[in-house]
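Report on the following structure.
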Amino acid sequence: MQFDEPKVTQFFLKIEPLSAEAFTAFGEVIDARASEPILINQGYAQRLALPAHIDVAQQSGEVTLALFKAQPRPNPIVIELMERHPLGSQLFYPLQDRPWLIVVCDDPKDPQTYRAFLALGCQGVNYARNVWHHPLLVLDPNSEFMIIDRKGEGVNLEEVILSQPLYVQLS
């Protein structure tokens, strides 16, 4: 008796532009273009207010600030792992004017719930607590980001390795 190999289909995510409306189910878009600069320091500096709801107080958590330097992944980008943070939000903001990618989902086991967004270099995101997202995805070498995260007691990282990877094709 001969058995046929099961057919494996590759699931490619469509990349859409990042907007506050499209991202609202996953958190906040932090967009420098939405803020009016205010001159400070006797006119020698500009201040841009970038409002975000930093949610880290669960189990007496505190805010931590980190700088990341990330490298691009091979094209097509293979999505094999998703993560979420049950005790706090997590904010990513680029320090250079370079586009970058965001992949989120409602259920990591259901490919139909995944969305991929292209963020501009003036846009960051603040993932809400418990939002499934892929680790940082950049398009250019040595891309630098500021990360506002939670530190403190409790387990604030859940990871899921996908049984079948998804792909993001860059054109």
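Where a number appears in this text, it was derived from the coordinates with a stated rule and is not lab data. Just so we're clear, the structure is a prediction, and the values are computed from it rather than from any experiment. So basically every Cβ, Gly included, is an ideal-geometry build from the backbone, and we count neighbours across all protein chains shown.
A single entry from Leu91, Leu67, Leu81, Leu101 fulfils the requirement of being more than 22 Å from Phe26 (Cα to Cα) and part of a strand (DSSP E or B): Leu67.
For Phe117, the requirement of being within 13 Å of the chain's Cα centre (by Cα) and either part of a loop (DSSP other than H, G, I, E, B) or within 22 Å of Arg150 (Cα to Cα) (or both) is not met.
Yes/no matrix, rows are residues, columns are (1) small (Gly, Ala, Ser); (2) touching an Asp or Glu at 6+ places or on another chain (Cβ under 7 Å); (3) surrounded by 13 or more Cβ atoms within 10 Å (Cβ to Cβ):
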site	(1), (2), (3)
Ile102	no, no, yes
Ala119	yes, no, yes
Gln123	no, yes, yes
Gln164	no, no, no
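Would you mind stating whether Leu137 is out of contact with any Pro (no Cβ under 7 Å at 6 or more places or on another chain), within 21 Å of Ser19 (Cα to Cα) and surrounded by fewer than 16 Cβ atoms within 10 Å (Cβ to Cβ)? Against the criterion (out of contact with any Pro (no Cβ under 7 Å at 6 or more places or on another chain), within 21 Å of Ser19 (Cα to Cα) and surrounded by fewer than 16 Cβ atoms within 10 Å (Cβ to Cβ)), Leu137 does not qualify. Within the range 53-100, the set of residues being of a type in the set (A, V, I, L, M), touching a Phe, Trp or Tyr at 6+ places or on another chain (Cβ under 9 Å) and surrounded by 13 or more Cβ atoms within 10 Å (Cβ to Cβ) comprises Ala70, Ile77, Val78, Ile79, Met82, Leu91, Leu95.
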